[in-house]
Amino acid sequence: AQGTVGNGFSGIFVKLVIQTTYTMQTFISTPNLVINGNFENGNTNFTSEYQFAPTRNADGQFGIVANAKQWYSGLNCFNCGDHTNAPTGNMMVADGSVIANRKIWNSDFAVTPNTTYRIIFWAIAYDSNEKAALALFINNHKSGEWTNNSSEIGSWKQFSTLWNSGSTDTLNLDIRNQNVSANNNRFSIDDISVSRYETGI
């Protein structure tokens, strides 16, 4: 078949060449369980094993700012703003801890058993010498890792995974930095979300 897809849902045109059956599957968006996943309410609704600091003065610290250079003026970044609402929106910016598996961001959620959830966060790394390696832990089990290559330094990149709750009705979610270098290991996190993953045909 051949066809043209227009902007939005109002213009999908297919010219049939032979008799064909099509199935369209859609993702149904549900409310985000994460409160303040975009950090617009500052340093609230999550815990961290990193130390909150208005400006960076040591490894293992984080700040909530609209521009990464507000928190650490020595950053060499061209894209220093929040993921979705730059230049005014907030994000979490951090300097990686030298202690392995320290929790940068942590929160708990009530979930429905036997339900699939989509978990997303966005991150950006600022240093090409020491790249961030951010691991997502679900109920204290490593579920995946956000990494970046040299060409992605200074660009926001999404991490996304699906998780089925099985018999549990609770979700503990945390993000940990796996790179424990004391040099240049700086990054930001933004737009964390947990939502039911439902599809319709």
Go through the range 136-155 residue by residue and tally those that are open to solvent by less than 60 Å² (accessible area, probe 1.4 Å), out of contact with any Asp or Glu (no Cβ under 9 Å at 6 or more places or on another chain), within 16 Å of SER188 (Cα to Cα) and not in a helix (DSSP H, G or I).
4
Residue, surrounded by the fewest Cβ atoms within 10 Å (Cβ to Cβ), within the range 82-93, restricted to residues that are of a type in the set (S, T, N, Q) and in contact (Cβ under 8 Å) with a residue 40 or more places away in the chain:
THR84
ALA132 open to solvent by less than 30 Å² (accessible area, probe 1.4 Å), within 28 Å of LEU75 (Cβ to Cβ) and not in a strand (DSSP E or B)
yes
Within the range 160-201, of all residues that are at positive phi and either assigned to a loop (DSSP other than H, G, I, E, B) or without any contact (Cβ under 8 Å) to a residue 24 or more places away in the chain (or both), the one most open to solvent (accessible area, probe 1.4 Å) is ASN184
Within the range 118-129, take every residue that is open to solvent by 10 Å² or more (accessible area, probe 1.4 Å) and in a strand (DSSP E or B) and give me the one that is nearest to TRP156 (Cα to Cα).
TRP122
The residue that is surrounded by the fewest Cβ atoms within 10 Å (Cβ to Cβ), considering only those in the range 94-117 that are closer than 12 Å to VAL180 by Cβ and among the β-branched types (Val, Ile, Thr), is ILE99
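The values are calculated or read from the model by the stated rules, or taken from the named source; none is laboratory data. Nothing here was measured: the structure is a model prediction, and the numbers come from that model. Here the Cβ is made from the backbone with ideal geometry for all residues, glycine too, and neighbour counts use every protein chain on show. Areas reflect the complete protein model, heavy atoms only, side chains present, ligands, DNA and RNA absent. Shrake-Rupley method; radii C 1.70, N 1.55, O 1.52, S 1.80 Å.
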